[in-house]
Amino acid sequence: MHLTSFGAAETVTGSCHLLEVAGTRVLIDCGLYQGDDDLEALNREPFPFDVRSLDAVLLTHAHLDHVGRLPVLTRLGYRGPIYCTPATAALAGIVLLDSARLQVEDYRRDVRKARRVGEEDRVPEPLYDEDDVHTVQALLRPQLEFGETLSVGNVRVTPGRAGHILGSAYLLLDTPDGRLLMSGDLGNRESGLQQDFTLPPHVDVLVTETTYADRTHRPLTQTLAEFTDALQRSVARGGKILIPTFAIERTQAILYYLKHLMDAGQIPYVPVFLDSPMGARATHEYFEYGDELIPEVRDELHAGGDPFRPSTLHVVTTSAESQRLNRLEGSAIILAGNGMMSGGRIQHHLKHHLWKPDTSLVIVSYQSPHSLGGRIVAGEPTVRIMGEDIAVRAQVHTIGGFSAHADQDDLLAFVESAGNPKTWLVHGEVDVMTRYLDVLAARGVTGDIVPRAEAVDLRATYFPGGRPPGLPVGSGHDRRPDE
Ligand SMILES: [Zn+2]
C-alpha cells in the first residue's frame, strides 16, 4: 500500500495523492496549488506518472485546491472515471469554470502589458480553458453516496460525511493490504450549515488533514454574537457594509445568518446585495442538496422556504448592475468575492467605499498577511486597489471564528474513532504538523509526515521521529484558501 503525494504534502494546498495497492492505481484529489508565486509554479510541474495508467480519480470535495488540476490531467490524456458525490460534481463544475475564466482573463491582461515591452512571448499560457473543464465534466461520475460502497479495481471505496462543505466526503478504502482512511478536509463541528462529520470505524492506516491541528476554534455562539454586534454598529453608521466572502459555504452561511438575524429583529431589514455570480450559482446547489445540511436548514427547505434568501436580497449578475451599486444611497449590505479581497468584485466596492468613514468592512474569512485583506487588518492607513491608493477610513470588524475546518479537538476525536491507527499527516504547515505529532505521540498514536513526491509504504513507519530529515520547519504556504 503505497502513497505518493504530489500536493498538500508539507503544505496546505494542491491536494493530489496517488495510491497504489494490489495492482490498482487511484488518484485521490487533483487540486491546484494556491499562494505565492513559488507555490503556484508547482502547478506547471509535470505529473511524474503516466496519467493513462490510473484506474480512477476519487474526489473528496469541490474546493479548488482539491479539484483545480483535473483539467491538467485531462489535457495530458486522462479519460477514466472521476468519482465523487453528486453535490461535489455540481460544485466542481462551478469552481473549475470560474478558475478557467480567471486564468484566461489574467493571461490576456498579462499579454497586453507584456506587449508594450515586446515580451508577450514570455507570458505563460493558461493552465487550461473552459473546453478542458468540459472534458473533465464529461468524466465526472457522481456515484459516491455516503455509506455506500463502490469498487475500483481491487479497492472498495466507501465515502463518509466529512462536514466541511456541501458534498464533502472522507474515503474509507478497503484494500487487500488493509483498510485505509483518507480524511480529505474535515469540517468544524461548530459549523453553521454542515452536519458534523460521521465518526469513522477502526482502520489500519489514517491519512489526515492538519490545517488547524494546532488550535481550538471559538464557540459558534460567541462568533455569532460578535457578528451580530458588528452588524448592529455598522447599520448605525449608516453607510455601506461590505462583507468579502468566498463563493462556497461562507456565502451561504452569511446569507443564512443575515436572514435569521433580520427575521428575529436583531438587525433591521436593510437591503442585501449578493454581488457574486459564482456565489449565486453555488447557493443554488445548497438549495438543491439541502438534505445534507443541519436539520434547521433542511426543515426550512422542506417547508418550502429558502434559508439563504433574506427578504431584502438582490442577486446582482451583470457587471453593469454591480457598478450601479456605487451610486446607491443609504445603508446596504454588499456580499462580494473574493474572501481575501485579492481580486473580484469586492475590489470595486472597496475602491469606492473604503475611504468613507461611514463604511463598515466586516471580515468573516481568514486573511493571508500578504493579501489586500491582510494589509487592511494589519491597520495600514492606505492600501493600493486597482492601481489607486485608497485611504482606509472605514470601520473594520474582524470576526475570526467562522471556520469550515476541524480544529485539534475535532481531529483528535476523528483519530480516536478510527482506533488510533498509524496516522500520516498531510494538508498542513510543517511546523503545525510537527507539533501535532507530539500531541498524537502523547496519546500513543504513531504519526509521520507525508513527504512530497516520494512514495511511502503506508503500513511502515517511515521516518524515525516522524519528520523527514532536512525538512524545513515553517516552510510552505501563504494562504489557507478555504479557511
Ligand atoms: Zn476544502
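The values are calculated or read from the model by the stated rules, or taken from the named source; none is laboratory data. Predicted model only: the values in this text are computed from it and were never measured. Because the Cβ atoms are built from the backbone with ideal geometry, glycine has one as well, and the counts that use them run over all protein chains shown.
List of remarks:
- Just one of the numbered conditions (1) assigned to a loop (DSSP other than H, G, I, E, B); (2) in contact (Cβ under 8 Å) with a residue 60 or more places away in the chain is not true of Phe49: (2).
- Top-ranked residue of the range 366-406 - restricted to ones that are among the small types (Gly, Ala, Ser) and touching a strand residue (DSSP E or B) at 6+ places or on another chain (Cβ under 7 Å), ranked as farthest from the ligand (Cβ to nearest atom): Ala391
- Test: residue in the range 110-122 that is assigned to a loop (DSSP other than H, G, I, E, B), aliphatic (A, V, I, L, M) and surrounded by fewer than 20 Cβ atoms within 10 Å (Cβ to Cβ): yes
- Test result for Asp448, touching a strand residue (DSSP E or B) at 6+ places or on another chain (Cβ under 6 Å), more than 16 Å from the ligand (Cβ to nearest atom) and modelled with pLDDT under 95: yes
- Where Gly387 falls short, out of the listed (1) assigned by TED's automatic domain parsing to the domain that holds Leu166; (2) more than 23 Å from the chain's Cα centre (by Cα): (1)
- Some residue of the range 273-296 being more than 26 Å from the chain's Cα centre (by Cα) and exposed (fewer than 15 other Cβ atoms within 10 Å of the Cβ): no
- Test: residue in the range 405-427 that is within 22 Å of Ser319 (Cα to Cα) and of a type outside the set (D, E, K, R): no
- His397 being within 23 Å of Tyr212 (Cβ to Cβ) and modelled with pLDDT of 95 or more: yes
- When the residues of the range 61-107 are filtered to those that are β-branched (Val, Ile, Thr) and within 16 Å of the ligand (Cβ to nearest atom), the one that is surrounded by the fewest Cβ atoms within 10 Å (Cβ to Cβ) is Ile94.
- Only listed residue being hydroxyl-bearing (Ser, Thr, Tyr) and assigned to a loop (DSSP other than H, G, I, E, B), chosen from Thr88, Thr4, Thr74, Thr60: Thr60
- Qualifying position, being touching a residue at least 40 places away in the same chain (Cβ under 8 Å) and more than 24 Å from Phe246 (Cβ to Cβ), among Pro86, Pro124: Pro124
- Glu148, sole failed condition from (1) within 16 Å of the ligand (Cβ to nearest atom); (2) part of a loop (DSSP other than H, G, I, E, B); (3) closer than 28 Å to Asp457 by Cα; (4) not β-branched (Val, Ile, Thr): (1)
- Lone qualifier among Leu325, Leu313 - being in contact with a helix residue (DSSP H, G or I) (Cβ under 9 Å, 6 or more places away or on another chain), of a type in the set (A, V, I, L, M, F, W, C) and closer than 27 Å to Thr88 by Cβ: Leu313
- Leu140 touching a helix residue (DSSP H, G or I) at 6+ places or on another chain (Cβ under 6 Å), within 16 Å of the ligand (Cβ to nearest atom) and in the same structural domain as Ala62 (by TED's automatic domain parsing): no
- Residue within the range 28-41 that is at pLDDT 95 or above, more than 27 Å from Leu166 (Cα to Cα) and either assigned to a strand (DSSP E or B) or assigned by TED's automatic domain parsing to the domain that holds Gly163 (or both) present: no
- The residue pairs whose first member lies in the range 401-425 and is free of Cβ contacts under 8 Å to residues at least 40 places away in the same chain, whose second member is more than 16 Å from the ligand (Cβ to nearest atom) and part of a helix (DSSP H, G or I), and whose beta carbons are closer than 9 Å, counting only pairs six or more residues apart or on different chains, are Leu412/Val439; Leu412/Leu440; Asn420/Leu440.
- Subset of the range 271-291 [over 14 Å from Gly167 (Cβ atoms), in contact (Cβ under 8 Å) with a residue 40 or more places away in the chain and either part of a helix (DSSP H, G or I) or not hydroxyl-bearing (Ser, Thr, Tyr) (or both)]: Pro271, Val272, Phe273, Leu274, Asp275, Pro277, Met278, Gly279, Arg281
- Among the candidates Lys356, Lys351, the residue that is in a helix (DSSP H, G or I), surrounded by fewer than 19 Cβ atoms within 10 Å (Cβ to Cβ), more than 20 Å from the chain's Cα centre (by Cα) and at pLDDT 95 or above is uniquely Lys351.
- Filtered residues of the range 363-389 (kept if among the β-branched types (Val, Ile, Thr) and either free of Cβ contacts under 8 Å to residues at least 24 places away in the same chain or in a loop (DSSP other than H, G, I, E, B) (or both)): Val364, Val377, Thr382
- Residue in the range 209-229 that is within 18 Å of the chain's Cα centre (by Cα), among the β-branched types (Val, Ile, Thr) and more than 30 Å from Gln266 (Cβ to Cβ) present: yes
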